[in-house]
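This report refers to the structure that appears directly beneath it.
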Amino acid sequence: MKSWIMRRRTDTLHVDDYALVDIDPPAAPGPGEVRLRTLFISLDPYLSRFMKIWEGEHPGWEQGHVYGRTVAEVTESRADGLAVGDKVLAVARWQPENVVPASSAMRIDPEIDPPSLVLGVLGASGRTAWIGLDLAHPKAGETLLVSAASGPVGSVVGQLAKRRGLRAIGIAGGAEKCAYVESLGFDVCLDHRLPDLAGRLAAAAPKGVDILFENIGQTSLDPALSVINEKGRIMLCGLAQHYNDEVPMQLDHFKALLYKQVTLQGFRTADFVDRYEEATAELMAGVREGWLRYDEQITDGLEHAAEAYLAMLGGQGIGKRLIRLP
Ligand SMILES: NC(=O)c1ccc[n+]([C@@H]2O[C@H](COP(=O)([O-])OP(=O)(O)OC[C@H]3O[C@@H](n4cnc5c(N)ncnc54)[C@H](OP(=O)(O)O)[C@@H]3O)[C@@H](O)[C@H]2O)c1
């Protein structure tokens, strides 16, 4: 069986740092375990940190095995509560089959179709958008700015903000992504690859920015600080631009935090489990009723995982990036 490993510890990730190697298939499940057939692998920015320093929480990272969020089907079960044919969300190795404790495999509601939606709009990405926005206490009439606006988190942030009566401005890399973001109902999307983002932002937000939902880092954070309003709120959700940084990030407008009494709050979605039910209910309603749009970009074949992962980190693609296995 094939499995992805990291060949070496590296500060900047390159496709040669990954290898698709032959390994023995997993042993038969023991009591309380299930065998899973991988259907989808989620290409998540946060994994790059573990790929670099191999400090993942799963045994095996130290030997270089890559673990990530997957959607899988139970093919053998020695655990109560999970039956053959069930679809589950599990953190597992990037390989076609895994044997895991049933406690680490969460059964997916069969109403969720396709089940891959639990990796994006109806999973951690959607919940992160919902929870981060809720923590910012949005008010109708305010202006929200979100970076990585075409991604699974950012696209939901903007759509929820519009639903709550805010003006939503997105930042994304490239004309195609910006067109997609505006097609979702954002008021405007600014391409951070074009010059003078700060100037274009000032024009797009004549009343300033009340809430910045930051997913990237310096590229959007610094210009946003130049237009943030008095008592503005910054939800620091992610720093995708800096996970592989070799030099520390620098902010020209850092002083705005002081002069404008801005609140900057980092948050981790996993610390708000008590809000999951409420968040998921609204997200599911949005998908069912059609007002919450999402996109999945699927690459077929385990062999393309490393390349597709690095392309995602390089800013290519729209929506949730997934690998699909046969
Ligand atoms: N706080 C939490 O609990 C939590 C939970 C889940 C996710 N997150 C974070 O939320 C953020 C958005 O997640 P997502 O899954 O929706 O990501 P994503 O949008 O699918 O992917 C990252 C995007 O960041 C942008 N980007 C700009 N410069 C980059 C650079 N130098 N390196 C990498 N990416 C760059 C790219 O979009 P453009 O080309 O459009 O700029 C890229 O497509 C990430 O930072 C993630 O780590 C946080």
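The values are calculated or read from the model by the stated rules, or taken from the named source; none is laboratory data. Because the structure is a prediction, the values reported are computed rather than measured. All Cβ positions, even for glycine, are placed from backbone atoms using ideal geometry, and neighbour counts span all protein chains on display. Ligands, DNA and RNA are stripped out before the accessible areas are found, and what is left, the full protein with its side chains, is counted by its heavy atoms. Shrake-Rupley method; radii C 1.70, N 1.55, O 1.52, S 1.80 Å.
Unpaired cysteine residues in the chain (no second Cys Cβ under 4.7 Å): CYS237. Each part reduced to its alpha carbon centroid, the range 69-94 and the range 256-326 end up 22 Å apart.
Longest span of the chain, sites excluded, free of GluC sites (Glu not before Pro) in DSSP loop with at most 10 other C-beta atoms within 10 Å? That gives 112-245 as the longest site-free run.
Near GLN316: Cβ cut-off under 14 Å, other residues only, Lys/Arg at +1 and Asp/Glu at -1. The net charge is +1.
For the chain, what is the calculated [θ] at 222 nm in deg cm²/dmol (nearest 500), taking -39500 (n - 2.57) for each run of four or more DSSP H residues and dividing by its residue count? When only DSSP H runs of four or more count, the value is -7000 deg cm²/dmol. With contacts taken as Cα pairs under 8 Å at a separation of at least 6 residues, the range 1-134 carries a relative contact order of 26 percent.
Taking Cα atoms only, the orientation of helix 124-135 departs from the longest principal axis of the chain by about 30 degrees. For the chain, the solvent-accessible area works out to 45 Å² per residue, with a probe of 1.4 Å and every protein chain left in place.
Ordered from longest to shortest, the equivalent ellipsoid semi-axes for the range 152-296 are 25, 19, 16 Å, each the square root of 5 times a Cα gyration tensor eigenvalue.
The convex hull of the Cα atoms of the chain, projected and averaged over all directions, covers 16.4 nm². Other residues lying with their Cβ under 15 Å from the Cβ of ALA256 contribute a combined charge of -1, Lys and Arg counting +1, Asp and Glu -1. Kindly flag which residue pairs out of LYS162/LYS231; LYS177/LYS231; LYS207/LYS231 have an alpha-carbon separation exceeding 19 Å in this structure. As for pairs spanning more than 19 Å Cα to Cα, those are LYS162/LYS231; LYS177/LYS231. Over the range 174-326, Cα pairs under 8 Å with separation of 6+ residues give a relative contact order of 16 percent. Ranking SER48, ALA28, HIS58 by Cα position along the charge dipole of the chain, where only Lys, Arg, Asp and Glu carry charges on their C-beta atoms, puts SER48 farthest toward the positive end. Report, to the nearest 10°, how far helix 276-289 tilts away from the longest principal axis of the Cα atoms in the chain, using its own Cα long axis and a range of 0 to 90°. Taking Cα atoms only, the helix is inclined about 80 degrees. Here the chain carries DSSP beta bridges of which approximately 55% are antiparallel, counting only pairs with both residues inside. Using only Cα atoms and rounding to the nearest 10 degrees, what angle (0 to 90) does helix 154-163 make with the longest principal axis of the chain? Tilt of helix 154-163: around 60 degrees.
Local charge sum around VAL157 (other residues, Cβ-Cβ under 12 Å, Lys/Arg +1, Asp/Glu -1)?
Result for the local shell: +2.
Relative contact order for the chain: 17 percent, from Cα pairs under 8 Å spaced at least 6 residues apart, divided by residue count.
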